[in-house]
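Contents: one structure, followed by commentary.
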Amino acid sequence: MARVKLTKNELKQQKDALKRFKRYLPTLQLKKQQLQMVIRRVEIQMRTKDEQRLNLDREIMSWVEVFGEDIDISGFLSIRSLKTDTGNIAGIDIPVFESIEFGELPYDLFVLPSWVDRGIDAVKRLLALDAEVRILKEQLELLSVELRITTQRVNLFEKVKIPETRESIRMIRIYLGDQQTAAVVRGKIAKSAIAEKVIQETQSA
């Protein structure tokens, strides 16, 4: 705790600081709650995407098992472009998935099995899910960093700044009160001394 001056000006400064801290703290607490809610939502989205991906994997493997042909259909596809936008959550910018475009290499349906068309469509969905999960992971990382910083600030205000400022105000008030009491006592002593001197002078006259 920093040393404070035991003066009226310092008391005013400490009171003003306490008002600022108490005004700013609810904003930080609200931001912390928003970040926690968004992080939970992103985590749910990631789990949902993972489940969808597992289901697609199973679907593709079932076709392969039924037809007994192991063909790497991902070789017929390439990602042409991945479009993202920027969203703003609790004052921080995060990437948001928009769309993904594919380029398809030509293939001969007379040579390849009949399920290849459906397989290519499934792989497209897999790649799109992978891209979405990657963007969600970026969101989660950014949001987690911001949550850690915000939590540190909340703790700083709640556990350090506000208690320290209150203690400083208490100390200054005690000191100023003691000074005021001492001044009153000194005044009474001086008044008594003057009165006594007047009496002595009167008696000796």
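The values are calculated or read from the model by the stated rules, or taken from the named source; none is laboratory data. Everything numeric in this text was worked out from a predicted model, so none of it was measured. For neighbour counting, all protein chains shown are included, and Cβ atoms are generated from backbone atoms with ideal geometry for every residue, glycine included.
Data overview
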quantity	calculated
Residue count, the range 1-21 (criterion: out of contact with any Phe, Trp or Tyr (no Cβ under 6 Å at 6 or more places or on another chain) and not in a helix (DSSP H, G or I))	6
Count of the range 124-156 residues which are in contact with a helix residue (DSSP H, G or I) (Cβ under 7 Å, 6 or more places away or on another chain) and β-branched (V, I, T)	4
Test: residue in the range 127-148 that is β-branched (V, I, T), in contact with a Phe, Trp or Tyr (Cβ under 6 Å, 6 or more places away or on another chain), modelled with pLDDT of 70 or more and assigned to a helix (DSSP H, G or I)	yes
All positions within the range 157-171 that are in contact with a helix residue (DSSP H, G or I) (Cβ under 7 Å, 6 or more places away or on another chain) and more than 14 Å from K22 (Cβ to Cβ)	S168
Tabulated pairs, the range 1-22, first surrounded by 11 or more Cβ atoms within 10 Å (Cβ to Cβ), second of a type in the set (D, E, K, R) and modelled with pLDDT of 90 or more, C-beta under 6 angstrom, 6+ apart or interchain	V4/E10; F21/K161
Cβ-Cβ under 8 Å pairs, at least 6 apart or on other chains, the range 73-87 side closer than 16 Å to V116 by Cβ and aliphatic (A, V, I, L, M), far side modelled with pLDDT under 95 and part of a strand (DSSP E or B)	L77/F102; L77/G103; L77/E104
